Amino acid sequence: MDGLTTVIFPVAGLGTRMLPATKATPKELLPVYDTPLLQFALDEAIAAGAKRVVLVSHPDKSAIEDYLTSAPALEESLTRKGKADLLRALRATCLPDGVDLRVVHQPEPLGLGHAVLCGAEAVLPGPVGVILPDDLILGDPCLAEMAAAFRPGEMRSLTAAQEVPAGQVDRYGIFACPPGAPGEAIPCTAFVEKPAIADAPSRLAAVGRYILDAAVFDVLRDTGKGAGGEIQLTDAIARMGGIHAFRFSGTRYDCGGKDGLVEATLAVQALRRGAAGRPRIAAE
Ligand code: UTP
């Protein structure tokens, strides 16, 4: 399909795995070397063609909105001191012309499915993208790869996927599908949230990138609590049918956990230092 017009960012979670770092700083603003997780996600959405960004946030996380607001006094100070590189980096945090921002609140973290539903009234017509900023994917921009493979009408959903160790399947949404090839939409017969290891249909796990038919909102309105007592996006995707998984080309870091954030930081440090054969960062 041509570019996605709307990308939803669910950022209302509590980020408890990263406490105490997330006590006063939203997880999505934690830095990976020199750049907050949210910025990588925004750049990826823009690379996929987003014209509207919908932040589903929480009233206690207003720092996220502050991050997206221009800072004229700081800009003026950097201009006066001739710090052109820093000024450029600062200005790059604002959304470019032609991309608008809507902020809606999820009053309580009732689950990812509920967070996506909170964005329903703010989206433009057509399929929507969803990015979970704490899943950082370096390399070719994942959501743009997925948009190229998504066929509206024929598919109801396309979800980024990667193999995980057998001992981790109970932390993810898991697909039942043939192995498929990287870069193609793989039709799936089932998608289950956090199955017990013995019940998992495969080791192919969902990671935080989705393209969803707009019908998902009606299905979510009608989806009750699932695994962990939360309203699960996985359950709504499974109920819609037309499930597809997508093996992306980049490298994913689980930055919702401490080790993943450190690994991502070292990877970005190496990239910034210009390692030989330097691969691209989605943010560039
Ligand atoms: P996570 O489950 O990883 O986030 O949700 P969390 O709940 O903040 O993390 P922990 O487990 O307590 O450390 C993945 C994404 O979905 C968002 C989160 O903000 C994160 O970006 N989310 C999750 C919501 O917006 N609302 C929810 O109710 C749940």
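Here are some notes:
- In terms of its C-alpha gyration tensor, the chain has a prolate overall shape, because the principal axis ratio a/c (a ≥ b ≥ c, square roots of the eigenvalues) is not below 1.5 and a/b outweighs b/c.
- Three-way shape label, region 38-86, alpha-carbon gyration tensor, a/c 1.5: oblate
- In a fully extended conformation the segment linking LYS258 and ALA73 would gain 63.2 nm over its present Cα-Cα distance, using 0.36 nm per residue.
- Here the gap between HIS105 and LYS81, fully extended at 0.36 nm per residue and compared with their Cα-Cα distance, gives a gain of 4.8 nm.
- Residue-level accessible surface for ARG171, protein heavy atoms, 1.4 Å, Å²: 150 Å²
- Residue with peak Gaussian network fluctuation, the chain [Cα springs, cutoff 10 Å], from CYS118, CYS94, CYS255: CYS94
- The antiparallel fraction among DSSP beta bridges confined to region 133-217 stands at about 90%.
- Surface listing: LEU261, LEU158 arranged by accessible area from highest to lowest gives LEU261, LEU158, probe 1.4 Å.
- For ARG171 and SER62, the FRET efficiency from 1/(1 + (r/R0)^6), where r spans their Cβ atoms and R0 equals 35 Å, is about 0.70.
- Set of lysines with alpha-carbon distance to LYS23 below 23 Å, sequence-local pairs under 8 removed: LYS61, LYS258
- Classification of region 1-105 by its C-alpha gyration tensor yields an oblate form. The axis ratio a/c (a ≥ b ≥ c) is 1.5 or more, and b/c is at least a/b.
- Whichever lysines have a C-alpha closer than 19 Å to that of LYS194, once near sequence neighbours (fewer than 8 apart) are set aside: LYS225
- Antiparallel bridge percentage (DSSP; both residues within region 134-284; nearest 5): 75 percent
- Per residue, region 1-80 exposes an accessible area of 44 Å² to a 1.4 Å probe, with every protein chain left in place.
- Using Cβ point charges alone (K and R +1, D and E -1), the dipole size of the chain about the Cα centre works out to roughly 540 debye.
- With 0.36 nm allotted per residue and the present C-alpha distance subtracted, the ARG239-THR251 stretch has 1.4 nm of extension available.
- Heavy-atom accessible surface of the chain: percent carbon and sulfur, 1.4 Å: 54 percent
The values are calculated or read from the model by the stated rules, or taken from the named source; none is laboratory data. All values reported here derive from a predicted model rather than from experimental measurement. FYI the Cβ positions are ideal-geometry reconstructions off the backbone, even for glycines, and counts take in every protein chain you see. With ligands, DNA and RNA removed, areas are computed over all heavy atoms of the protein, side chains included. Shrake-Rupley method; radii C 1.70, N 1.55, O 1.52, S 1.80 Å.
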